[in-house]
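Before any comments, here is the structure.
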Amino acid sequence: MVTWHPALRVTPDNKVASDESEVAIRILPLRCHLDQRAISFARAFFQANDDGDSADKPMPPGFHSVPPPIFTMFRVLPFKLKVDYRPQKFDSKALHDGAIVELINLSPLDSMVLTLKQVDVVSEVGFGAALSVLTGRWVCDICSTQLLKFVTRARPLEPITSVSGAAVDMVVLPWEAFRNGE
């Protein structure tokens, strides 16, 4: 659900006004099936390759350019994201050059659940800037608090984490029952 409240839509002289807006987004839990090719495509698609030609062309008569919205508050509420990732190839040269992200391409990830926290972006102009700050904060949060999930959901380590989880349950559950007098 998206709520958008622009303060001023049209100026008195009938031109499009810059929307000073507050946005609140609530997202239901999502499941993403990704592979390495889809991520490579998205990275290439969203890279900035501004030719500058579109800004130089004059607008046809009767049309006005729409200025980007000004977000006084751009809020995305917390939600869960379940990710399945299938790598295609591992680039050891990129890892050697310092691209630690390449470690994710060692093995598939199955049903990894990430909890993306609430992010408030204040005083940004345009959707690109707001979404850039938003994704940057989520990536920092995932790297600082949820990095262990990448290790435990990797296919080669999944049997070890499953067995160790069961072993912990064999100790913890009887201990909890003993403490409760059962």
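Each reported figure results from applying straightforward, stated rules to the coordinates on display, with no laboratory input. Being a predicted model, the structure only gives us computed values, none of them experimental. Virtual Cβ from ideal backbone geometry, glycine too; neighbours counted across all protein chains shown.
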### Query
Taking the Cβ of Ala94 as the center, what net charge do the other residues with Cβ under 14 Å away carry, scoring Lys and Arg +1 and Asp and Glu -1?
0
### Message
Under 27 Å between alpha carbons, and skipping anything fewer than 8 positions from Lys117 in its own chain: which lysines qualify?
### Response
Lys80, Lys82, Lys149
### Task
Round to the nearest 0.05 the FRET efficiency obtained for Lys82 and Lys57 when R0 = 35 Å and r is the Cβ-Cβ distance.
0.20
